[in-house]
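Enquirer: For reference, the structure I am asking about is given below.
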There are 2 protein chains.
Amino acid sequence: MNRKMPVKRVFRTKQKRLSADDRRSEFVTKATELFAEEGFGGGTRALARKLGVTQPLLYRYFPSKDDLIKEVYRKVYLEPLEIGWEKLLSDRSRPLRARLQEFYEVYTDAIFNRRWLRIYLYSGLKGLDINRWYVGMVKDKILTRILRECRHDAGLATQSRPSAAELELAWVFHGGIFYYGVRKYIYEAPVLEDKAQMISDALDIFLAGFERMAESATDRRRVPIKVVG
Amino acid sequence: MNRKMPVKRVFRTKQKRLSADDRRSEFVTKATELFAEEGFGGGTRALARKLGVTQPLLYRYFPSKDDLIKEVYRKVYLEPLEIGWEKLLSDRSRPLRARLQEFYEVYTDAIFNRRWLRIYLYSGLKGLDINRWYVGMVKDKILTRILRECRHDAGLATQSRPSAAELELAWVFHGGIFYYGVRKYIYEAPVLEDKAQMISDALDIFLAGFERMAESATDRRRVPIKVVG
DNA sequence: ATCTCTGGTGATCGCTCGATAAACTGAGCC
DNA sequence: GGCTCAGTTTATCGAGCGATCACCAGAGAT
């Protein structure tokens, strides 16, 4: 991590003169922290202060603050994708429930922290394309996959695309879990500390709900689970 | 609505000189719109432009921008409380499921709109007391009440406070529904258009999950609802 | 020892922000 | 008609913002 400590100059509390790459990534890292707390209105001077450098230095590495922000997006949004959930969710040598449990534990380990959630919500409020892309990704790569595995597990025909009702079921389930993170890290409200237990319980009711839906869909064809009005 | 149209001056596209009360509430209304879109960083000049007046006028009605913001909070947070859910949720002359269905339809009618949700999320990110208060209110006035009714319906002892696991179950359910609004109005992602159907489905799996939990709590104590592996 | 190249700084510009003070204006009252 | 008072505007302040430019300084090559 430490590179090229000068022989002389033992004092000098802040070593400066980092390599270009190191400085650049340091800007991104600290900018993520700053923007997570202050929102993207956080100032470039406050950012420079966090690095112990002066504000104009930022512009040696990024043409504008907006470019820095884009870099922060890239880092934050791509971080949780490094898990490789394809194989985790689709590995049919393992029981479905265990796969889902592990996936959501790993996934929430990646995104349930103050930094990620705040950046995500701030960028969501800005309505950026990258946010839409992420939501679409969750739908296609996670929820659709989960539903396909559920259908397979229940012995149903594996259709290419899930029905709108199924998708909504999965979204409500997924959103319920996501909201646990929001309550804990954004609202800082007390939550059930055992995250794995929360996931397990949520899975219980989701899987039970899916089974019911599957049953009523096979018995009579495609009838709403229950019509109230 | 229109007050005191001057006899002459038929032109004059913007009638000004409103009464103090009217002008004040107009500031709050338009500020809510502005802050919902731009966040609380939205400028006082932009706000004045929306009213067709000049910026310093704001300071005749509010000592500072922060006071205006507080007023916006008050209005937004208290709006959905005017429903009177006490009687709606606790009216045991009606079947539980119908009460829950109606409550969530009415509640989401009140909060599922771009304005409310965005203000709510922005203020949540600021970590203000009023947000904590609201979350606590949801817990005490909605979720706890729902759980009590569920226990009663299932013939269980009505304990004063729900268990942490029950509460978490209810939170995940509630959060799943809430997230539907976020997806629709914040992310502007396509959702199942039939909101009532979404609520109905979510209720199905929540109630089924609660029943199972209640059963396993009475049969053997605290066993995972279902273990697939 | 000197040169050079590059990471880093100081000063500053133009703009927008929230906020203040003083001047203006028009409807209601005598 | 003229007075008054409350709603509104004009002008302006100081601070903070993103961004630019000329300059500085220190490590490595020669």
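The values are calculated or read from the model by the stated rules, or taken from the named source; none is laboratory data. Keep in mind the model is a prediction, meaning the values are calculated, not measured. Methodologically, a virtual Cβ is constructed for each residue, glycine included, from the backbone with ideal geometry; neighbour enumeration extends over all protein chains shown. Please note that ligands, DNA and RNA were not included when accessible areas were found on the heavy atoms of the full protein model with its side chains. Shrake-Rupley method; radii C 1.70, N 1.55, O 1.52, S 1.80 Å.
Enquirer: Return yes or no: is A:Ala110 over 29 Å from A:Ser93 (Cβ atoms) and either exposed (fewer than 14 other Cβ atoms within 10 Å of the Cβ) or without any contact (Cβ under 8 Å) to a residue 60 or more places away in the chain (or both)? If you could, list the steps in order and put the result at the bottom.
Expert: Values: over 29 Å from A:Ser93 (Cβ atoms): no; either exposed (fewer than 14 other Cβ atoms within 10 Å of the Cβ) or without any contact (Cβ under 8 Å) to a residue 60 or more places away in the chain (or both): yes.
So A:Ala110 fails the test.
Enquirer: Name, by its number, the condition in (1) in contact with a helix residue (DSSP H, G or I) (Cβ under 8 Å, 6 or more places away or on another chain); (2) modelled with pLDDT under 95 that does not hold for A:Leu51.
Expert: The failed condition is (2).
Enquirer: If the Cβ limit is 6 Å and pairs must be 6+ apart or interchain, which residue in region A:46-58 that is under 16 Å from A:Val72 (Cα atoms) and near DNA strand D (Cβ under 10 Å from one of its atoms) pairs with which residue that is of a type outside the set (Gly, Ala, Ser) and open to solvent by 30 Å² or more (accessible area, probe 1.4 Å)?
Expert: A:Ala48/A:Thr54; A:Ala48/A:Gln55
Enquirer: Report whether or not A:Tyr122 is open to solvent by 10 Å² or more (accessible area, probe 1.4 Å), within 16 Å of DNA strand C (Cβ to nearest atom) and in contact (Cβ under 8 Å) with a residue 12 or more places away in the chain. I'd like the intermediate steps shown before the answer.
Expert: Details: open to solvent by 10 Å² or more (accessible area, probe 1.4 Å): yes; within 16 Å of DNA strand C (Cβ to nearest atom): no; in contact (Cβ under 8 Å) with a residue 12 or more places away in the chain: yes.
It is false that A:Tyr122 is open to solvent by 10 Å² or more (accessible area, probe 1.4 Å), within 16 Å of DNA strand C (Cβ to nearest atom) and in contact (Cβ under 8 Å) with a residue 12 or more places away in the chain.
Enquirer: Another question about this same structure. Could you please let me know if B:Lys87 is within 16 Å of DNA strand D (Cβ to nearest atom), free of Cβ contacts under 8 Å to residues at least 60 places away in the same chain and not hydrophobic (A, V, I, L, M, F, W, C)?
Expert: Details: within 16 Å of DNA strand D (Cβ to nearest atom): no; free of Cβ contacts under 8 Å to residues at least 60 places away in the same chain: yes; not hydrophobic (A, V, I, L, M, F, W, C): yes.
So B:Lys87 does not fit the description; no.
Enquirer: Further question: Which one is surrounded by the fewest Cβ atoms within 10 Å (Cβ to Cβ), of the residues in region B:162-192 that are over 17 Å from A:Gly209 (Cα atoms), in contact (Cβ under 8 Å) with a residue 40 or more places away in the chain and of a type in the set (Val, Ile, Thr)?
Expert: My answer is B:Ile186.
Enquirer: Further question on the same structure: When you look at B:Arg17, is it within 14 Å of DNA strand C (Cβ to nearest atom), at pLDDT 95 or above and away from chain A (no Cβ under 14 Å), yes or no?
Expert: On the way: within 14 Å of DNA strand C (Cβ to nearest atom): yes; at pLDDT 95 or above: no; away from chain A (no Cβ under 14 Å): yes.
When the stated conditions are applied, B:Arg17 does not pass them.
Enquirer: Among the residues of region B:36-67, how many are surrounded by 17 or more Cβ atoms within 10 Å (Cβ to Cβ) and within 10 Å of DNA strand C (Cβ to nearest atom)? Spell out how you get there, then give the answer.
Expert: Keep residues of region B:36-67 that are surrounded by 17 or more Cβ atoms within 10 Å (Cβ to Cβ), which gives B:36, B:39-40, B:42, B:44, B:47-48, B:51, B:53, B:58, B:61-62.
Filter once more, so that each one left must be within 10 Å of DNA strand C (Cβ to nearest atom): B:40, B:42, B:44, B:47-48, B:58, B:62.
Number satisfying all stated conditions: 7.
Enquirer: Separate question: Say whether the condition of being without any contact (Cβ under 8 Å) to a residue 60 or more places away in the chain, open to solvent by 30 Å² or more (accessible area, probe 1.4 Å) and within 19 Å of the chain's Cα centre (by Cα) is met by at least one residue in region B:153-161.
Expert: Step one: of region B:153-161, the residues without any contact (Cβ under 8 Å) to a residue 60 or more places away in the chain are B:153, B:155, B:157-161.
Retained after the next criterion (residues that are open to solvent by 30 Å² or more (accessible area, probe 1.4 Å)): B:153, B:155, B:157-161.
Then keep just the ones that are within 19 Å of the chain's Cα centre (by Cα); that gives none.
The answer is no, given that none of the residues of region B:153-161 is without any contact (Cβ under 8 Å) to a residue 60 or more places away in the chain, open to solvent by 30 Å² or more (accessible area, probe 1.4 Å) and within 19 Å of the chain's Cα centre (by Cα).
Enquirer: For residues that are surrounded by 18 or more Cβ atoms within 10 Å (Cβ to Cβ) and either of a type in the set (A, V, I, L, M) or out of contact with any Ser or Thr (no Cβ under 8 Å at 6 or more places or on another chain) (or both), scanning just region B:125-134, find the one that is nearest to the other protein chains (Cβ to nearest Cβ). Let's see the steps before the verdict.
Expert: Going through region B:125-134, the residues surrounded by 18 or more Cβ atoms within 10 Å (Cβ to Cβ) turn out to be B:125, B:131, B:134.
Next, from what is left, pick out any that are either of a type in the set (A, V, I, L, M) or out of contact with any Ser or Thr (no Cβ under 8 Å at 6 or more places or on another chain) (or both): B:125, B:134.
Details: B:Leu125: 6, B:Tyr134: 9 Å.
Selected residue: B:Leu125.
Enquirer: Which pairs have Cβ atoms under 9 Å, sit 6 or more apart or on different chains, and link a residue in region A:60-80 that is assigned by TED's automatic domain parsing to the domain that holds A:Glu37 to one that is at pLDDT below 95 and within 16 Å of DNA strand C (Cβ to nearest atom)?
Expert: A:Arg60/A:Ala20; A:Tyr61/A:Ala20
Enquirer: Consider region B:86-107. How many of its residues are under 23 Å from A:Ala189 (Cβ atoms) and open to solvent by 30 Å² or more (accessible area, probe 1.4 Å)? Steps first, answer last, please.
Expert: Residues of region B:86-107 under 23 Å from A:Ala189 (Cβ atoms): B:86, B:89, B:100, B:103-104, B:107.
Those still in the list that are open to solvent by 30 Å² or more (accessible area, probe 1.4 Å) too: B:86.
So the answer is 1.
Enquirer: Please determine whether any residue of region B:188-201 is more than 8 Å from every other protein chain (Cβ to nearest Cβ) and touching a Leu at 6+ places or on another chain (Cβ under 7 Å). So that I can check it myself, show each step before the final result.
Expert: Initially, region B:188-201 is screened for residues more than 8 Å from every other protein chain (Cβ to nearest Cβ), giving B:190, B:193-195, B:199.
Cutting the leftovers down to touching a Leu at 6+ places or on another chain (Cβ under 7 Å) gives us none.
Scanning region B:188-201 turns up no residue that is more than 8 Å from every other protein chain (Cβ to nearest Cβ) and touching a Leu at 6+ places or on another chain (Cβ under 7 Å).
Enquirer: If you check A:Ser25 against the conditions, is it assigned to a loop (DSSP other than H, G, I, E, B) and modelled with pLDDT of 95 or more? Let's see the steps before the verdict.
Expert: Working: assigned to a loop (DSSP other than H, G, I, E, B): no; modelled with pLDDT of 95 or more: yes.
Taking the combined requirement at face value, the residue does not satisfy it.
Enquirer: Considering every residue within region A:193-200, establish whether at least one is open to solvent by 10 Å² or more (accessible area, probe 1.4 Å), in the same structural domain as A:Ile119 (by TED's automatic domain parsing) and within 18 Å of B:Val135 (Cβ to Cβ). Step through it out loud before you land on a result.
Expert: Of the residues in region A:193-200, the ones open to solvent by 10 Å² or more (accessible area, probe 1.4 Å) are A:193-197, A:200.
Those left that are additionally in the same structural domain as A:Ile119 (by TED's automatic domain parsing): A:193-197, A:200.
Still in the running and within 18 Å of B:Val135 (Cβ to Cβ): A:193.
Yes; the residues of region A:193-200 include at least one that is open to solvent by 10 Å² or more (accessible area, probe 1.4 Å), in the same structural domain as A:Ile119 (by TED's automatic domain parsing) and within 18 Å of B:Val135 (Cβ to Cβ).
Enquirer: Please report, ordered by residue number, the helices (runs of 4 or more DSSP H) entirely within region B:58-151 with at least 3 residues that are under 14 Å from the mean Cα position of the chain (by Cα).
Expert: Working: elements: B:58-61, B:65-78, B:85-90, B:96-111, B:114-126, B:129-137.
Helices (runs of 4 or more DSSP H) meeting the threshold: B:65-78, B:96-111, B:114-126, B:129-137.
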